[in-house]
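Student: Here it is, the structure, as structure tokens.
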Amino acid sequence: MDIFNLTLQNEALTVIFFAAVFIPALAGTILSLMFRYNKVANLIAGLCITSCAVGIAAYPLRALGVPLSYTFPLSSAVGDYALAIDQISSVMISLSSVIFMLIVVHVVKSSSDSGCRYSGLLNVLFIASFLCMAADSVLVLLISWEMITLSTFLLAKKGNNDRARWMFFVIAHIGGLMLMCAYGYLAWVAGTQTLSDWNGLGAIVGSTTSMILVLMIVMGFGTKLGLLPFHAWMPGLYGTAPTHTAALLSTVCSNVAVLTIFKSIYSYIGVTESMSVIAFAIIGLAAATALWGAMESLVQKEPKKILAYSSVENMALVILCLALGMIYINESPVFAKLILIAGLLHTLNHSVFKSLMLMTIDTVEDCTGEKNIGRMGGLAKTLPLLAVVSIIGVFSMAAIPPTNGFVSEWLMIQSIMGVNLQSKGMSLLIPLVLAAVGICGMMMAASYARLYGFIFLGRPRSDGMREPRPMKNGTLLPMAVLAILCVGMGFFATVIMDVLTTGVVSVTGIAPSPSYRSVMSEEMLPLILGVLIVITSVAVLLVVRPGKEREVRTWGCGEDLGKEMQYSSIGFSQPLVRVFHPFYGDTTVVRETKEGSKKTVHTEFTEPFVRYLYMPLGNAITAISEKISKTQTNRIQTYFGYVLITLIAVLLAVRIL
């Protein structure tokens, strides 16, 4: 009787949970269609915050044993619309809800992207992201993923940025078509569209088909993660879209993609030894993407574009971890566990520090009106609190201990260095992968130093930086929370790693013993390392006490020191451009000044993939479309002829097959 009562209570809690998630967000969406007043916009955003707050409870409820599964009381021709939140999904949903809520709070407080339409679309995006992470049927997964694409496309509208938005829309739908084909085929093979019933379908379809499906799923979701060559939309959209839209795309939407890729490869399809070929291919693609993102971030002039290429690099490292796990799982399961934990932990960490940095850039642009890093500088003196939270985010992005970014990247390196594989191919590949990760880390550290230094340090390079407007009330709060998370998730990373281990074991089927800690140095556990670093830093500060301050005149070659004499961001990256000139797609442009008496030299960068891949492809499609348009004669007889020819062709094809 007690068990029966407990079951009823759990079912009631499940219904209440899902209702509390969806009803406020749905109400906000409906209100956005009915009203256009600013006061109502804040109410709509508040409803989204309410849904996010309930979403945070996903992991606590799952940990308490509440079975978070629900089937909607309506069905389609191919099956039910079902949701089921497992261990790993609950972690992703809870943290993603935290990030989403803080971003929406920043929207309300900054008022930079406010409005009924924008707030309503935020509700739609949250519903879509939640549904995709909780999906237990193919229809829910594919429909919600399409909702994410459409809502972010609409959220990205700002001024005249249609070209960037449509590039994103087209590339995302290329990925969507691949996903429809892959999951449609898997549903046909499994005989059901219920995802929880899929397990090891690769054994049924064969190794070759399995590898094709894995590649289609990785590339399909990779269109939003920024894998080569599908990354071309990211710098343009990040640079022109509202910053909060870019933040949600880079964090919550990326979490959705990584979670679904992980479950698809390691549970739905399953990994066998014969799939090492596709794992090698994905490793090569991910390494190339990471290196490309690191290189491009060093030459961008707009902070949001720097962070766009940073997301390309970070998500490529996550995909690299998932691909390495495919090789490790058969030869060294404990290291497979460690590399998968590293990839999933880095996904969570990335969503924290990247949302912090994008909100920081939004605040900088709002206070100063400047978007070009070459016109920034000296902001630490006028906005010191913003500089403090920003430096924590930069430390985390650059993997400086004891922040969370350090822990996940350190785990990646340890799992690559420590593994001992029998395969000769892997013995050659591992050093190359380690070198790629190391080079990316160094280049990104330089890029982040450039980002922070040219915004907050030095002298102001424009009037907006010299006398910025004060930050709006409340905008610092969500950034402060994220900064605390950057440090807290670094100190207590092992707690999160233990939680992720349960999810990884459940999805992959790897034995829980031995623990991932058995291949880690106990002295180098994140909490212990963080405490040691803090103690050492405090000791150094106590020993090396700063003396009395004194002012001295900075030498300026006999001239008065001015802002023009500072090291410029272009000068910072110019040596690298000279070394890697063939890769950057840079062009030197000479322009005359307004007076016409002087000329200035500028280096402009065009994404090579856009120039040599997407532009020729677009021109070819346009040419074909123009030729096809000539068949439209506006004569009914011609169209009847087309119908007759099509019917004959279909009948012949059916007859032959």
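Student: To make sure I understand, if each residue's beta carbon is the centre and we count other beta carbons within 10 Å, what order do D136, D498, D362, D86 fall in, fewest to most?
Tutor: Working: D136 22, D498 13, D362 25, D86 19.
Least to most surrounded, the residues fall as D498, D86, D136, D362.
Student: Label point 7 Å out from S625 along Cα-to-Cβ: which residues of the range 136-154 have amide N under 20 Å?
Tutor: Flagged as within label range: 150, 153-154.
Student: Neighbouring Cβ atoms within 10 Å as the yardstick, rank F22, F454 fewest first.
Tutor: The fewest-first ordering by Cβ neighbours comes to F22, F454.
Student: Express in whole angstrom the spacing between the alpha-carbon centres of the range 229-285 and the range 358-389.
Tutor: The range 229-285 and the range 358-389 have Cα centres spaced 30 Å from each other.
Student: Computed FRET efficiency, Cβ-Cβ of W188 and V388, R0 45 Å: what is it to the nearest 0.05?
Tutor: 0.25
Student: Just add up the charged neighbours of A288: K/R +1, D/E -1, any other residue whose Cβ is under 14 Å from the Cβ of A288.
Tutor: Combined, the nearby Lys, Arg, Asp and Glu give -2.
Student: Could you give the distance between the Cα centres of the range 396-419 and the range 447-515, to the whole Å?
Tutor: Here the answer is 14 Å between Cα centres.
Student: Given labels modelled 7 Å from the Cα in the Cβ direction, how far is it in nm from K371 to F35?
Tutor: Rounded to a tenth, the inter-label distance reads 3.1 nm.
Student: Taking the Cα-to-Cβ direction at V15 and at E273 and moving 7 Å from each Cα, how far apart do the two end points lie in nm?
Tutor: Between V15 and E273, the simple spin-label model gives 5.2 nm.
Student: Would you work out which of L451, T403, P468 lies farthest towards the positive end of the dipole of the range 332-486, given +1 charges on the beta-carbon of Lys and Arg and -1 on that of Asp and Glu, about the Cα centre?
Tutor: Final value for the positive-end residue is L451.
Student: Note the full-extension length gain between N199 and L26 as 0.36 nm times their separation in residues minus their Cα-Cα distance, in nm to one decimal.
Tutor: The N199-L26 span can extend by a further 58.9 nm.
Student: What is the sum of charges around S89, taking Lys and Arg as +1, Asp and Glu as -1, for the other residues whose C-beta is under 11 Å from the C-beta of S89?
Tutor: 0
Student: Now a separate question. R635 to V534: extension gain in nm, 0.36 nm per residue of separation minus the Cα-Cα distance? Please list the in-between numbers first.
Tutor: On the way: separation 101, 0.36 × 101 = 36.36 nm, distance 8.00 nm.
Stretched out fully, the R635 to V534 stretch lengthens by 28.4 nm.
Student: A follow-up question, please. Give me K354, K157 ranked fewest to most by other Cβ atoms within 10 Å of their Cβ, as a rough exposure proxy.
Tutor: Taking fewest neighbouring Cβ atoms as first place, the list is K157, K354.
Student: Just to check I understand the Karplus step: with θ = phi - 60° and J = 6.51 cos²θ - 1.76 cosθ + 1.60, what whole-Hz values come out for the range 252-265, glycine and proline as x?
Tutor: 4, 5, 5, 4, 4, 5, 5, 4, 6, 4, 4, 5, 5, 6
Student: Let me ask another. Using r as the Cβ-Cβ distance of N160 and L477, and R0 as 30 Å, what FRET efficiency do you calculate, to the nearest 0.05?
Tutor: 0.35
Student: Under 5 Å between amide H atoms, partner at least 5 residues away or on a different chain: which partners does T71 have, H built in plane at 1.01 Å?
Tutor: Here L83 satisfy the definition.
Student: Bin by bin, in steps of 5 Å, what percent of the Cα pairs in the range 271-538 do you find, going until the bin that has the longest distance?
Tutor: 1, 6, 13, 16, 16, 15, 12, 8, 6, 4, 2, 1, 0
Student: Too long at a 24 Å Cα-Cα cut-off: which of K109/K301; K301/K472; K39/K305; K304/K472; K109/K224?
Tutor: Those over the limit are K109/K301; K301/K472; K39/K305; K109/K224.
Student: Through the Karplus equation 6.51 cos²θ - 1.76 cosθ + 1.60, θ set to phi - 60°, convert the phi angles of the range 189-202 into ³J(HN,Hα) values in whole Hz; use x for Gly and Pro.
Tutor: My calculation for the range 189-202 gives 5, 6, x, 8, 9, 7, 5, 5, 8, 8, 7, x, 5, x Hz in order.
Quick note: the coordinates plus some simple rules give every number you see, no bench work behind them. Bear in mind the structure is a predicted one, so any value in this text is a computation, not a measurement. With ideal geometry, Cβ positions are generated from the backbone for all residues, glycine too; neighbour counts draw on all protein chains shown.
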